[in-house]
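Note sheet for the following structure.
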């Protein structure tokens, strides 16, 4: 067995997501396991160079994780022909420009979502990637979560029968910053800096809905800025200009042609009383299931209890106890790491790969449709996206 090097330019990894999920739990973890295994038994070892604007942060991060190469000059990094992949987890506003620079420098590209702040830029960069002949991908990490993989297994097994509906509940309370320290960056609540619940999360829901439940055909959405004033990292108050919650209903065409209704509630101004920070409740004629990040519970048609409506008597049924746990039938690795391994194999040995930039553009399309629905207070059709 041989091990080959893969030079990797990682941009924007000093932020929470880029550092924790992509650098530490993906690339460092892949390095520590001995690389990515190829179909012929060889391995690929990623060799990253960390690039960012703050030299002190980049150097400290590199030293902490024993990464030899780091710098602040992206143009110089792109000139290095020994580094063939560019990854971006920086700001959404800069992403299309950075991806275009990398593609023109002959680099394969992989990036966080959203791939752009608007559909025109998303389609433009997706077309550039396709025309370049280079490999490209967008993060679609939710598809690799254990809970959703179990949910998808139930779907593929025909457990639901005719799928009827999906209810998605996402969110938690993000501290304003005056009494408790904030746990999300302040730019998330500034529209002028690329913040907003709809822009951040609707990209996720598009690929989850399309892949697991059915193709999105139309959407009705209303957004809200429930918390109008927040405090930033320096403790200074500021006006929140971005939506911190959204409530949407979508019509889907299921994998068997059935009409599926999806309801999506997402909020950074809600307190959690459910199984997880995000839950997907799927109802079908033959069974129902509820999945969180890690676990999934199911209830079949023949085990469905018979509750009786009587508002004058205290409820005696414990509805949570009436669901069967879907067991762990395999070891579930980190979802970001799994997709990184797929992308590396796609680059090195052309493994089939469907999570491309055009798929990322579909997420931005749903963002724009949701924002249009909110603005115009109506249903908006989602047309097939041609890239």
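Where residues in the range 233-253 are under 21 Å from the mean Cα position of the chain (by Cα) and outside any strand (DSSP E or B), which of them is surrounded by the fewest Cβ atoms within 10 Å (Cβ to Cβ)? Among residues in the range 233-253 that are under 21 Å from the mean Cα position of the chain (by Cα) and outside any strand (DSSP E or B), the one surrounded by the fewest Cβ atoms within 10 Å (Cβ to Cβ) is 242. Of the residues making up the range 165-212, those that are touching a residue at least 12 places away in the same chain (Cβ under 8 Å), part of a loop (DSSP other than H, G, I, E, B) and over 16 Å from residue 248 (Cα atoms) are 172, 174, 176, 177, 178, 182, 184, 185, 190, 194, 195.
The selection criterion, being within 19 Å of the chain's Cα centre (by Cα), modelled with pLDDT of 95 or more and over 25 Å from residue 355 (Cα atoms), holds for residue 268.
Answer yes if at least one residue in the range 5-19 is surrounded by fewer than 16 Cβ atoms within 10 Å (Cβ to Cβ), at pLDDT 95 or above, part of a strand (DSSP E or B) and out of contact with any helix residue (DSSP H, G or I) (no Cβ under 6 Å at 6 or more places or on another chain), and no otherwise. Yes, there is a match, as at least one residue in the range 5-19 is surrounded by fewer than 16 Cβ atoms within 10 Å (Cβ to Cβ), at pLDDT 95 or above, part of a strand (DSSP E or B) and out of contact with any helix residue (DSSP H, G or I) (no Cβ under 6 Å at 6 or more places or on another chain). Quick one: in the range 28-78, which of the residues that are touching a residue at least 40 places away in the same chain (Cβ under 8 Å) and assigned to a helix (DSSP H, G or I) is nearest to residue 105 (Cα to Cα)? So the residue we want is 78. Summed over the range 317-332, residues that are under 23 Å from residue 281 (Cα atoms), out of contact with any strand residue (DSSP E or B) (no Cβ under 6 Å at 6 or more places or on another chain) and outside any helix (DSSP H, G or I) total 7. The strands (runs of 3 or more DSSP E) located wholly in the range 258-299 that include 1 or more residues which are in contact (Cβ under 8 Å) with a residue 40 or more places away in the chain and farther than 20 Å from residue 202 by Cα occupy 278-284, 287-291. Here's a check for you: in the range 177-220, which residue that is at pLDDT 95 or above and at positive phi is farthest from the chain's Cα centre (by Cα)? Filtering the range 177-220 for residues that are at pLDDT 95 or above and at positive phi, the one farthest from the chain's Cα centre (by Cα) comes out as 177. Taken over the range 286-311, the criterion of being in contact with a helix residue (DSSP H, G or I) (Cβ under 7 Å, 6 or more places away or on another chain) and surrounded by 11 or more Cβ atoms within 10 Å (Cβ to Cβ) is satisfied by 286, 287, 289, 291, 292, 293, 294, 295, 296, 298, 299.
The values are calculated or read from the model by the stated rules, or taken from the named source; none is laboratory data. Just so it is clear, the structure is predicted and the values come from calculations on it, not from any experiment. Every residue, glycine among them, receives a Cβ derived from its backbone with ideal geometry; neighbour counts consider all protein chains shown.
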